[in-house]
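Notes follow the structure.
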Amino acid sequence: MTQEREAAYRKGLEDALNAGYTLLEKGRSALDAVLAAIVSLEDHILFNAGKGAVFAKDGSQEMDASIMDGKTLMAGAVCAVRNIRNPVELAYAVMTNSPHVMLTGKGAEEFAKLNKIRTEPDEYFFSQFRYDQLKAMQDSGESALDHNVNVKDKKFGTVGAAACDSNGNIAAATSTGGMTNKQWGRIGDSSIIGAGTYANNKTCAISATGHGEMFIRAVAAYDVSCLMEYKGLSLYEAMDIVVNDKLMKIDGEGGMVGVDANGNAAMLFNSDGMYRGMRSSDGKSEIAIYK
């Protein structure tokens, strides 16, 4: 990776941390913070969510997102939506303005119109970098995880956030464009509560990134919560078992970020790297890419 590209990724991570943490400093909720952080990342063309989402096999850009409130266990999710500027805002609207948890495709897009969720034309989401990836993959019949279709250098582009606020409430949110050259209609773990996103004040808030099919099979995000609730493990211990043992056994490459209601944070992954950042009120601050 060039120095310029690395600097751009780090700036994108810092902007997202600032967006979420500024709200927490003002006494706003964890839910508000994760929403703001994800919107910031969806608006950044380098990340595979919102603007700059990867292309499916048919040349479309279908996006998934979810959000969950650890205080109430309320959750919202959308999958296979197109032209929604910020899919996480639509997921939030599903949670707050409907009796449902998940909406998909055309139904989700109609719901977006009713709730005045911003849309953009196809050109807004286009990235030459992503389009070149699609062209490189189309003849192979395979799909690839973000960002680079060269297997030696594959990185996961799903964006996620977890937060703990001053009242000890926690929340998580996740958003993605999925996999390059994916079959149309493919849905990964990012919009599935318990797989890619989970939050419960009793345990933890988790957002995952990686090979979505394996994270769904492992019910990865909820498994961390279960290990904490039923085995009494710490956040780090539970995440370590899921990421470095359970997922590894089924070739589930990727990682996750998480917090608990005491403000402990962890960022674990079994891949070569994971774009990640953390900030807390005791002065800790970290932005990293590699191990």
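Here K116 is the anchor, and the lysines within straight C-alpha reach of less than 21 Å, apart from those fewer than 8 places off in the same chain, are K51, K106.
Does anything in segment 1-31 have its amide N under 18 Å from the 7 Å Cα→Cβ label point of D132, and if so which residues? What the label zone holds, given the 18 Å backbone N cut-off, is 1-9. Taking the alpha-carbon distance from K11 and a cut-off under 20 Å, which aspartates and glutamates remain once sequence neighbours fewer than 8 residues away in the same chain are dropped? Filter leaves E42, D43, D146, E286.
Computed from backbone phi, the HN-Hα couplings of segment 166-176 come to 5, 9, x, 8, 10, 7, 9, 8, 9, 8, 7 Hz, rounded to whole numbers (Karplus: 6.51 cos²θ - 1.76 cosθ + 1.60, θ = phi - 60°; Gly and Pro given as x). Put simply, when 80-91, 195-206, 15-26 are sorted by average Cβ atoms within 10 angstrom per residue, most first, you get 195-206, 80-91, 15-26.
The lysines within cross-link reach of K135, meaning a Cα-to-Cα straight distance under 16 Å and a gap of 8 or more places when in the same chain, are K57, K182.
What's the center-to-center distance, using Cα atoms, between segment 218-248 and segment 48-78 in Å? Answer, in whole Å: 23.
Fewest first, what order do K135, K57, K291 take by the number of other Cβ atoms within 10 Å? Numbers along the way, then the final one.
Working: K135 13, K57 17, K291 9.
Fewest-to-most ranking of K135, K57, K291: K291, K135, K57.
Couplings 3J(HN,Hα) for segment 277-286, derived from phi with the Karplus relation 6.51 cos²θ - 1.76 cosθ + 1.60 (θ = phi - 60°), are x, 8, 9, 9, 6, 8, x, 6, 8, 8 Hz, where x marks Gly and Pro.
If you sort the three axes of the alpha carbon gyration tensor as a ≥ b ≥ c, you get a/c under 1.5 for the chain, which makes it rounded. Across segment 176-198, the residues whose backbone nitrogen lies under 17 Å from the label position 7 Å along the beta-carbon direction of Y124 are 176-177.
In segment 3-290, Cα pairs under 8 Å separated by at least six residues give a relative contact order of 19 percent. In the chain, helices alone account for a calculated mean residue ellipticity at 222 nm of -10000 deg cm²/dmol, with every DSSP H run of four or more residues adding -39,500 (n - 2.57). With R₀ fixed at 41 Å, the C-beta to C-beta distance from Q183 to S280 puts the FRET efficiency at about 0.50.
Where a number appears in this text, it was derived from the coordinates with a stated rule and is not lab data. Quick caveat, the model's predicted, so the values are computed rather than measured. Using ideal geometry, Cβ is built from the backbone for each residue, glycine included, and neighbour counts are taken over all protein chains shown.
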